[in-house]
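Novice: Shown below is the structure under consideration.
No value in this document is a laboratory result; all are computed from the given coordinates. Because the structure is a prediction, the values reported are computed rather than measured. Glycine gets a Cβ as well: all are built from the backbone with ideal geometry, and neighbour counts include every protein chain shown.
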Amino acid sequence: MTNTERIDKLNREKQLTREDWITLIQTYNDTDREYAAAIARELTTAQFGDKIYIRGIVEFSNFCKNDCLYCGIRHSNKNADRYRLTQEDILACCDEGYGYGFRTFVLQSGEDPWYTDDRLAAIVSAIKAAHPDCAVTLSLGERSRESYQRLYDAGADRYLLRHETANEAHYHKLHPAELSLAHRMACLRDLKAIGYQTGCGFMVGSPYQTAECLAEDMLFIKELQPEMIGIGALHPPQGHALPGRAPGLLRADLIFAQPVPDHAAQGSAASHHRPGHHRSDGPGKGGAGRSQRGHAQSVAIGCAQKNTYSTTTRSVPATNPPSASSAWGPG
């Protein structure tokens, strides 16, 4: 089977075998990319035309209790300029974003214990009270089911928790011993059971990653049936090498960014975070605006329920009107 045939099969059957994924990842070339991108453009245009969907990202804390190998805000990074936003700061960002047309606010942080359930529930409730026509998406890492339920009851609509890798051996190379892949998967299933629109996802180019790891990621996404999928490339700062990283594999990011339409759950989204989000020197301060163009060339995964989103990304300061960046479709 050729890669063209694999891409056609993926488009037709909405899935590939593990072996076909591995072969596609290892042998993908520019011809395959152009062929797959044409399919992705056709699917995306049919669903979205040339509409732009805008989301407001508020990165309200870069403190984190974890020490994950790839992460710029990991606990052991002494060069990170740490900050926390108050409830008033966060609400001010949302108020300003509302005036620019944002109708979804994404609250994102490291796993920062300072933000208790009481504090977070108060923030979510205040946003929903001020802007009842808006959705609230959370990206706060692993929490207890009780915590997820509390925040859902406060008004949160969506939760993004990247699984990072579906390969257990790879997971242990990236994360400290106190974290486990089993617990992360349990968190994702708790979120879906509670009723969140749930997002998972992974990086391309992380340390020790192989084509086999990426194939397992795609099979896990098919199994989980998420409403959102976050996929992005890991780009270390210039001159900083990461251990066990295969630079050539980063090219596989083209597969997941553009050409795998309709693979996962119907109604899921492929989205790139803004450049810098996964840099090992860490993200910048404060909120960022993200928008998404339905007709962009970046991919469409799962078009049937019009929740498949193509993405283009760049950072936008919270004080500026929204421009090209990334998000998760209409609604």
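Novice: Set the Förster radius R0 to 25 Å, insert the Cβ-Cβ distance between residue 103 and residue 153 as r into 1/(1 + (r/R0)^6), and round the FRET efficiency to 0.05. Could you put the intermediate results ahead of the total?
Specialist: Working: r = 22 Å, r/R0 = 0.86.
The computed FRET efficiency comes out at 0.70.
Novice: Give me, ordered by chain and number, the residues 5 or more places off residue 55 or on other chains with an amide H under 5 Å from its own placed amide H.
Specialist: Distant-sequence amide H within range of residue 55: 290, 291, 292.
Novice: How about the stretch 73-154: which chymotrypsin sites (Phe, Trp or Tyr not before Pro) there lie in a loop by DSSP and see at most 13 other Cβ atoms within 10 Å? Can you show the working numbers first?
Specialist: On the way: sites: 83, 98, 100, 102, 105, 114, 115, 148, 152; in loops: 83, 102, 114, 115.
Hits after loop and neighbour filter: 114.
Novice: Moving to a separate point now. Quick one: what are the phi-derived ³J(HN,Hα) couplings along the stretch 216-223, Karplus 6.51/-1.76/1.60 with θ = phi - 60°, whole Hz, x for glycine and proline?
Specialist: For the stretch 216-223, the Karplus-derived couplings read 5, 4, 5, 5, 5, 4, 4, 5 Hz, x marking Gly and Pro.
Novice: What spacing in nm lies between the two simple spin-label points modelled at residue 122 and residue 82, each 7 Å away from Cα in the Cβ direction?
Specialist: So the two model labels end up 2.1 nm from each other.
Novice: Please work out whether the stretch 31-169 counts as rounded, prolate or oblate from its C-alpha gyration tensor, where a ≥ b ≥ c are the square roots of the eigenvalues and a/c under 1.5 means rounded, while otherwise a/b larger than b/c means prolate and anything else oblate?
Specialist: Details: a/c = 1.89, a/b = 1.22, b/c = 1.55.
Because a/c hits 1.5 or more and a/b fails to exceed b/c, the stretch 31-169 counts as oblate.
Novice: Under the rule a/c < 1.5 gives rounded, and otherwise a/b versus b/c splits prolate from oblate, where does the stretch 1-105 land using the Cα gyration tensor?
Specialist: On the way: a/c = 3.82, a/b = 1.60, b/c = 2.39.
Taking the square roots of the gyration eigenvalues as a ≥ b ≥ c, the stretch 1-105 is oblate.
Novice: Scan the stretch 1-94 for trypsin sites (Lys or Arg not before Pro) in coil per DSSP, keeping those whose Cβ has at most 16 other Cβ atoms within 10 Å, and list them by number.
Specialist: 51, 65, 78, 82
Novice: Stretched out fully, how many nm does the piece from residue 168 to residue 130 gain, at 0.36 nm a residue minus the Cα gap?
Specialist: On the way: separation 38, 0.36 × 38 = 13.68 nm, distance 4.25 nm.
Result for the pair: 9.4 nm of gain on full extension.
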